[in-house]
Amino acid sequence: MKKILLILLLSSLSLFGGQKVVLQLMWQHQFQFAGYYAAKELGYYEDVGIDLEIKPFGLTTDLATVIEKKEADFTIGRSSLLIKASDGKDIVALGAIFQQSPLILIARGDSGINTIEDLKGKRIMLTNDVKESASVLAMLSSKGLTKEKIQILPHSFNLDDLISAKTDAFIAYASNQPIIMADRGIDYKIFNPKDYGFHFYSDILFTSSAFIKKNPKLTKDFYEATLKGWAYAFSHIVETAELVHSRYNTQNKTLLQLIKEAESLKRLAYDGETPLGYLDKNRLHDIIKIYQVLGLATKNIDLDSFIYEHNHPKKFFFSLEYDELFYIPVIIVLLLIGLASIIIFVSLERQWLHTQNDLNQEIEKQKEKIEKQNKLIIAQSKLAAVGEMLSNIAHQWRQPLNIITLNTVKMETAALLGKTFNDKELLCVTEEINRQAQYLSQTIDDFRSYFNADTQNVAPFNLKETVQKTTDLAKDLFSSHFIEAVITVDDCVIEHNESLFIQALINIYNNAIDAIAQKKPAHRYFFVNLQQHNDQKIVLSFKDSGGGIDKDVIDKIFEPYYSTKHSSKGTGLGLYITYEIITKHLNGTLEVRNANYSYKGQRLKGAEFILTLPPCSCNVAAT
């Protein structure tokens with residue numbers, strides 16, 4: 001009887017297939033949605049029991065309402081979903097397929113429009129929904145071009161209107177209209193919001209918290225199958241373009257156009273080494289701030305609830321701006337000075353000393369030389385560490401500066417139009433400007449305090465506060481590399497040189513970031529933990545999830561000028577300096593080993609540095 005029931009159950013599953021799921025697109029069929037097509041056609045959804053129906057977009061479709069009315073289970077939207085969430089809509093963002101929005105402003109190459117400022121008084125086709133084109137409006141406003149200073153035309157979605165000069169500029173998709181214009185041999189000029197510091201997401205897959213609560217496994221399976229489909233689409237562009245061309249080509253694009261579209265979208269999806277789908281909480285916070293400055297949103301939202309719990313960590317990227325390149329020759333010069341000093345020291349050391357008195361005098365001289373040399377090496381190590389962080393300061397500054405600019409433009413526009421702010425509005429604007437300015441000022445103060453600190457001064461300091469200072473110095477590196485720092489340190493006062501101690505920690509922090517950069521793990525964490533043993537020894541451990549250190553290397557990493565990085569990426573002095581500071585200046589020990597451990601149910605592996613300080617140096621602070 002049981003066998004009969006099992007056969008009937010399997011037969012019913014085969015008969016009815018997987019669970020019916022509806023996906024609403026945000027536009028007509030094109031490569032923009034190829035990952036969903038690939039996952040469906042390759043059976044990724046079917047493998048997890050999902051029977052997917054894909055609905056193309058209609059001009060009257062309101063995507064948030066589609067979810068609210070349960071006309072679809074999942075749909076796709078832009079960063080403007082934050083506005084809907086601010087208005088109280090039940091929205092959970094599973095992941096952003098495109099880390100940078102494809103939305104751009106395009107003009108003809110022969111129009112004489114070469115800068116944003118050249119658009120003053122020009123005709124620009126914008127979509128009716130300003131929320132959807134907010135990144136373009138923010139870009140214009142940051143250069144003083146408010147709505148009153150341009151001629152806004154309703155968007156016809158017909159590229160021929162731009163080509164025939166019926167409009168001077170046109171909101172477009174980087175993966176669409178530029179390709180068509182290039183195919184027609186028409187020169188064009190692009191203005192991309194991300195080049196002006198406005199980094200918006202696009203093609204965010206979303207649903208409601210109510211749906212997730214009712215269907216947790218289905219949601220997770222759908223999200224993972226979708227990412228798998230996108231990974232296939234971008235690694236098999238030609239095959240996927242052929243699939244779109246043969247089965248989903250309602251816009252009658254050529255195969256070559258679909259391939260070019262795919263290549264353009266792939267750059268937006270991976271943006272450096274970002275894995276598919278990642279949503280960064282800090283970046284979303286900056287986006288909602290821009291919407292608030294533009295008057296499109298009034299309330300903050302709970303980003304922890306807005307971001308899907310299984311949205312996975314982002315791989316880091318690192319960039320060095322052109323105006324930051326001058327730090328490189330400074331560091332090289334200091335390294336050459338250090339190397340020359342060491343060569344001089346070695347040659348002097350080999351001199352023949354004839355008398356015991358000469359020998360003693362020479363020993364004293366060499367001690368002084370070694371001390372000077374150590375100070376020089378420590379200084380150049382500090383400069384190298386700071387140099388790595390300065391490039392990230394420049395990147396972090398762009399968003400606050402743009403928010404300040406937007407607020408001042410808002411006030412200027414109101415004055416020109418004869419409008420007045422009430423006290424509450426004026427206070428809100430000035431407080432935001434002040435908050436951003438304080439952030440910029442604090443960033444500089446933090447680094448100046450660290451760089452100019454007296455390395456000879458010995459005084460009591462709180463380990464918990466010092467670890468937090470170090471983490472704050474490296475926060476931009478952690479943020480831009482998308483590494484979560486987990487700090488577990490109690491109040492504990494020791495008496496040493498705090499600046500040297502911070503420098504030792506920064507080298508460990510940088511080493512962890514570099515290890516994660518090289519190994520590219522799926523989960524990115526850095527842990528700091530403090531323990532005080534019964535014998536009063538203080539043990540600080542630092543663990544990363546970078547995969548660990550090779551056995552052939554681990555015994556050499558504290559040697560001077562030994563580096564696992566490319567010669568252009570490091571000096572090989574960082575961990576050597578840390579070892580010297582801990583063992584010679586702080587009378588402690590420093591060890592390293594590979595560790596396997598678990599965190600949040602994830603199996604992790606990485607290097608663990610164990611810093612031990614003697615018992616006489618610590619005093620547990622009252623809490």
Spot the failing condition for K2; the list is (1) over 26 Å from L296 (Cα atoms); (2) basic (K, R); (3) modelled with pLDDT of 90 or more, and only one is missed.
(3)
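Run down A522, A517, A504 and say which single residue is touching a residue at least 40 places away in the same chain (Cβ under 8 Å), of a type outside the set (F, W, Y), touching a strand residue (DSSP E or B) at 6+ places or on another chain (Cβ under 9 Å) and farther than 22 Å from T612 by Cβ.
Working: A517 fails: touching a strand residue (DSSP E or B) at 6+ places or on another chain (Cβ under 9 Å); A504 fails: farther than 22 Å from T612 by Cβ.
Checking each option against the conditions leaves just A522.
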Taking the stretch 154-179 only, how many residues are surrounded by fewer than 17 Cβ atoms within 10 Å (Cβ to Cβ) and not small (G, A, S)?
6
For the stretch 142-153, what are the residues that are at pLDDT 85 or above and assigned to a loop (DSSP other than H, G, I, E, B)?
K143, G144, L145, I150
Across the stretch 36-69, what is the total count of residues that are among the charged types (D, E, K, R) and either without any contact (Cβ under 8 Å) to a residue 60 or more places away in the chain or closer than 19 Å to S133 by Cα (or both)?
6
Sort out for me the strands (runs of 3 or more DSSP E) sitting completely within the stretch 154-209 that have 1 or more residues that are in contact with a Gly (Cβ under 7 Å, 6 or more places away or on another chain).
188-191, 202-207
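Collect the residues in the stretch 268-291 that are assigned to a helix (DSSP H, G or I), touching a residue at least 40 places away in the same chain (Cβ under 8 Å) and not β-branched (V, I, T), keeping them in residue-number order.
L268, A269, Y270, N282, R283, L284, D286, K289, Y291 - these are the residues of the stretch 268-291 that are assigned to a helix (DSSP H, G or I), touching a residue at least 40 places away in the same chain (Cβ under 8 Å) and not β-branched (V, I, T).
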Can you list the strands (runs of 3 or more DSSP E) found entirely within the stretch 13-124 that contain at least 3 residues being under 23 Å from L276 (Cβ atoms) and in contact with a Leu (Cβ under 7 Å, 6 or more places away or on another chain)?
19-24, 50-55, 74-77, 92-98
What number of residues in the stretch 555-564 are surrounded by 15 or more Cβ atoms within 10 Å (Cβ to Cβ) and either modelled with pLDDT of 80 or more or hydrophobic (A, V, I, L, M, F, W, C) (or both)?
2
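Can F222 be described as under 24 Å from L52 (Cβ atoms) and touching a helix residue (DSSP H, G or I) at 6+ places or on another chain (Cβ under 9 Å)? Walk me through how you get there before you give the answer.
Details: under 24 Å from L52 (Cβ atoms): yes; touching a helix residue (DSSP H, G or I) at 6+ places or on another chain (Cβ under 9 Å): yes.
Here the answer is yes, as F222 does meet what is asked.
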Which residues, taken from the stretch 241-260, are outside any loop (DSSP other than H, G, I, E, B) and either among the basic types (K, R) or within 14 Å of I97 (Cβ to Cβ) (or both)?
R247, K260
With the structure loaded, tell me whether Y597 is in a helix (DSSP H, G or I), within 21 Å of K551 (Cβ to Cβ), at pLDDT 80 or above and touching a Leu at 6+ places or on another chain (Cβ under 9 Å) or whether it fails that test.
no
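Which of the residues that make up the stretch 172-222 are of a type in the set (G, A, S) and farther than 11 Å from L103 by Cβ? Even if it seems obvious, please write down each step before you answer.
The initial filter retains those residues of the stretch 172-222 that are of a type in the set (G, A, S), namely 172, 174-175, 182, 185, 197, 202, 208-210.
Scanning the stretch 172-222 gives A182, G185, G197, S208, S209, A210.
Does S202 satisfy the condition of being among the polar types (S, T, N, Q) and within 30 Å of P216 (Cα to Cα)? Outline the logic, then answer.
Details: among the polar types (S, T, N, Q): yes; within 30 Å of P216 (Cα to Cα): yes.
Yes.
The values are calculated or read from the model by the stated rules, or taken from the named source; none is laboratory data. What you see is a predicted model, and the numbers here were worked out from it, not measured in a lab. FYI the Cβ positions are ideal-geometry reconstructions off the backbone, even for glycines, and counts take in every protein chain you see.
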